[in-house]
Ligand code: 13P
Ligand code: SF4
């Protein structure tokens, strides 16, 4: 079946089943093109809770689909490829977090949304890449355990008076973007601006003009008067930025900044997901309720 036929079938099934498709900014173009909503990790989960549809095909990685299920427990959340996980989210388990907390009884625990539901259930509050500093500063404690991303933790530490104790996790996609990549791209596009995600290494962040979450990058791309932007995050986002801003040029900071898990989903798998109602994302009630508390605290801030 060619792509056009698959797309038509997806559109028809979406209507018949009253389903919506949500896609993360890093998804491949053909998936973004059939999505009803495209966004960052938290924005998509909040959309999942708000939309009328009972069935949501979540095109992203597992922790994102799980967060959607936590915020929308009555809806059917499907992920088109159940192996689409986030290696960084898997760098800390709930039992490791429980053990870690025991060593710091006075500290509060902040978990990045890039964590499993079990880990979220063990923390005081969640954060995203766009509100991490705000979340940390809102807490009534001088010492904060921050998991799992040590690079985001280091970024937060530079913007707060609190002591940040990081877990030793990282995102391999952002870690491979190096300072020399930024310097090279600046030489190639001297009038351009450099925007990077806070999961990047400190030396990369130091060379950037702006540090932004994926959601903020998309917003900023619409607003900026700059015509050339060097983008320091997973390159899938450039498809959306270019589509929405055809007169501007977006260059990946590193040519191969691919999250292989994000790329596991394609048009055929989206169709299979809708046809066969696979793969259902479930979160045990007790875990879901606790994790939801940590997410909702963040949303209030
Ligand atoms: P955002 O929350 O900015 O979409 O980032 C998610 C992610 O996985 C970054 O690598
Ligand atoms: Fe996880 Fe990094 Fe992929 Fe984001 S880009 S989903 S943090 S591995």
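Residue count for region 99-121 under the criterion of being in contact (Cβ under 8 Å) with a residue 60 or more places away in the chain and either over 16 Å from the mean Cα position of the chain (by Cα) or surrounded by fewer than 17 Cβ atoms within 10 Å (Cβ to Cβ) (or both): the result is 4.
Once region 219-235 is narrowed to residues that are within 16 Å of ligand 2 (Cβ to nearest atom) and touching a strand residue (DSSP E or B) at 6+ places or on another chain (Cβ under 8 Å), the residue that is farthest from residue 133 (Cα to Cα) is 235. Within region 222-236, restricting attention to residues that are touching a helix residue (DSSP H, G or I) at 6+ places or on another chain (Cβ under 9 Å) and closer than 9 Å to residue 193 by Cα, which residue is nearest to ligand 1 (Cβ to nearest atom)? Checked region 222-236; the qualifying residue nearest to ligand 1 (Cβ to nearest atom) is 231. Report yes if residue 96 is surrounded by 23 or more Cβ atoms within 10 Å (Cβ to Cβ), more than 19 Å from the chain's Cα centre (by Cα), at pLDDT 95 or above and farther than 23 Å from residue 25 by Cβ, otherwise no. For residue 96, the condition - surrounded by 23 or more Cβ atoms within 10 Å (Cβ to Cβ), more than 19 Å from the chain's Cα centre (by Cα), at pLDDT 95 or above and farther than 23 Å from residue 25 by Cβ - is not met.
Name the single residue, out of those in region 35-53 being in a helix (DSSP H, G or I) and under 15 Å from the mean Cα position of the chain (by Cα), that is surrounded by the most Cβ atoms within 10 Å (Cβ to Cβ).
Going through region 35-53, the residues in a helix (DSSP H, G or I) turn out to be 41-50.
Filter once more, so that each one left must be under 15 Å from the mean Cα position of the chain (by Cα): 41-48.
Values: 41: 26, 42: 23, 43: 20, 44: 26, 45: 30, 46: 18, 47: 19, 48: 24.
Residue satisfying both the conditions and the ranking: 45.
Residues considered: 79, 70, 56. Of these, the only one that is within 16 Å of ligand 1 (Cβ to nearest atom) and in contact with a strand residue (DSSP E or B) (Cβ under 6 Å, 6 or more places away or on another chain) is 79. Does region 11-34 hold any residues that are within 16 Å of ligand 2 (Cβ to nearest atom), more than 17 Å from residue 231 (Cβ to Cβ) and not in a helix (DSSP H, G or I), and which are they? Those that are within 16 Å of ligand 2 (Cβ to nearest atom), more than 17 Å from residue 231 (Cβ to Cβ) and not in a helix (DSSP H, G or I): 22, 23.
Residues in region 20-34 that are away from ligand 1 (no atom under 14 Å from the Cβ) and buried (at least 22 other Cβ atoms within 10 Å of the Cβ): 21, 31.
The values are calculated or read from the model by the stated rules, or taken from the named source; none is laboratory data. This one's a predicted model, so the numbers in the text were calculated from it and none came from an experiment. Note: ideal-geometry Cβ built from the backbone for every residue, glycine included; neighbour counts use all protein chains shown.
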